[in-house]
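Structure, as structure tokens:
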Amino acid sequence: MRTSIDVLWTGGWDSTYRVLSAALVEGKTVVPHYIVDLGRASSLRELQAISEVRVALSNIDPDAAERIEPLRITPVSEIPANPELSAAYHRLTRQAHLGSQYDWLARYAENERIEHLELSVHVDDKAYRFLEGKVVTTDEGIWTFDPRIDTDEAIFRFFDFPLLNISKTQMKAEAERHGFIDALEKAWFCFTPMDRAPCGLCNPCRYAIEEGMSYRLPPNAMRRHRTRHLRRAARAPITLSRRAFRALASRGA
């Protein structure tokens, strides 16, 4: 049984749950990895969340907090190219939506020679469809990619998936049962925060609502979420007018 694990820690709910559960409940040493995208507005907020989670855990169990090693931060722009992995990723995106992170995460894991980087993909994630039927369990009961498969999905061969069959609401229940819900609630998820709070409009906010976590969004964010289609429709004529104006202007030039 491995006593030390590598975990991609994004500061979000799922990966934070895994870090806390591994350190506090399983007593494992956690080596956390964070890939920073400086072009995304939420990056600093995610790092802040990770810091807040550490502080909260130290108040619950100082020994567990010590089992989480210093965060290993790598800018996404510094991950070396790998044409073979990227080509496989792009072929998969022709089948269905697959986040760009799976391209650079595969390249990162291979470059760092990490064979079992834990990703907190869970049952409601978009990536789940690419893994279904292509994973096997380890002796520790953790899902990992089936090494016998050599199709494009093999970009997932660098990863383990400890949360594959658990939902966000189940994670919440487990965190409450084991006494670390206060630390878990420090996790962050919004890509485009407004006034230092979730926006209610970005994909992570939408996914949180769809997965039963709407209580984590403030009322104004929920109002934005409920009226997002009306807002988009209201802006459409203005957008079209601007496009038409630009088209006419270019013809006149």
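Could you compute how much accessible surface Thr138 exposes when probed at 1.4 Å, giving the result in Å² to the nearest 10?
50
Which far-off residues, 5 or more places away or on another chain, put their amide H under 5 Å from the one on Asp6, with H placed in the peptide plane?
Those lying under 5 Å, H to H, from Asp6 are Val31, Glu118.
Of all accessible surface on the chain at a 1.4 Å probe, what whole percent is carbon and sulfur?
Numbers: 6850 of 13580 Å².
After summing per-atom areas, the C and S share lands at 50 percent.
Per residue, what volume in Å³ does the Cα convex hull of segment 37-91 take up? Could you put the intermediate results ahead of the total?
Numbers: hull volume 6.9 nm³, N = 55.
In segment 37-91, the Cα convex hull volume per residue is 125 Å³.
Using only Cα atoms, what is the ratio of the radius of gyration of segment 123-198 to 2.2 N^0.38 Å?
1.40
Sort Ser214, Ser120 by accessible area with a 1.4 Å probe, largest first. Could you put the intermediate results ahead of the total?
Values: Ser214 45, Ser120 20 Å².
Solvent-accessible surface, decreasing: Ser214, Ser120.
Using only Cα atoms, locate the centre of segment 103-147 and the centre of segment 1-53, then give the distance between them in Å, rounded to an integer.
16
Counting only C-alpha contacts under 8 Å and six or more residues apart, can you give the relative contact order of the chain as a whole percent?
Details: 357 pairs, mean separation 52.1, N = 253.
It rounds to 21 percent for the chain.
Helix 101-112 versus the longest principal axis of the chain: what is the Cα-based angle in degrees, 0 to 90, to the nearest 10?
Once rounded, the angle reads 40 degrees.
How much area per residue is accessible in segment 124-171 when the probe is 1.4 Å and only protein heavy atoms are counted (Å²)? All intermediate terms of the calculation are to be shown ahead of the outcome.
Working: 2370 Å² over 48 residues.
Spelled out: the 1.4 Å probe surface of segment 124-171, per residue, equals 49 Å².
If you roll a 1.4 Å probe over the heavy atoms of the protein chains, what accessible area per residue do you get for segment 1-83, in Å²?
Working: 3780 Å² over 83 residues.
In whole numbers, segment 1-83 has 46 Å² accessible per residue.
By how many degrees, 0 to 90 and rounded to 10, does the Cα axis of helix 228-252 deviate from the longest principal axis of the chain?
Helix 228-252 and the main axis of the chain meet at about 50 degrees.
Which of the lysines could a cross-linker span from Lys172 if the Cα-Cα distance has to be under 23 Å and same-chain partners fewer than 8 positions apart are dropped?
Reachable lysines: Lys28, Lys126, Lys186.
Report, largest value first, the span of the C-alpha coordinates of the chain along each principal axis, in whole Å.
71, 44, 32
Quick one: what are the phi-derived ³J(HN,Hα) couplings along segment 159-172, Karplus 6.51/-1.76/1.60 with θ = phi - 60°, whole Hz, x for glycine and proline?
10, 10, 10, x, 10, 4, 10, 10, 9, 4, 5, 5, 4, 4
As I understand it, the dipole of the chain uses +1 on the Cβ of Lys and Arg and -1 on the Cβ of Asp and Glu, about the Cα centre. Which of Val31, Trp188, Leu131 lies farthest toward its positive end?
Of the options given, the answer is Trp188.
Show that you can apply the helix-only estimate: for the chain, add -39,500 (n - 2.57) for every DSSP H stretch of four or more residues, divide by all residues, and state [θ] at 222 nm to the nearest 500. List each step's numbers first, then the result.
Values: 11 runs with 114 residues, N = 253.
Rounded to the nearest 500, the figure is -13500 deg cm²/dmol.
The values are calculated or read from the model by the stated rules, or taken from the named source; none is laboratory data. Quantities reported herein were computed from a predicted structural model and do not represent experimental measurements. Neighbour counts are summed over all protein chains in view; Cβ atoms, including those assigned to glycine, are modelled from backbone coordinates with ideal geometry. With ligands, DNA and RNA removed, areas are computed over all heavy atoms of the protein, side chains included. Shrake-Rupley method; radii C 1.70, N 1.55, O 1.52, S 1.80 Å.
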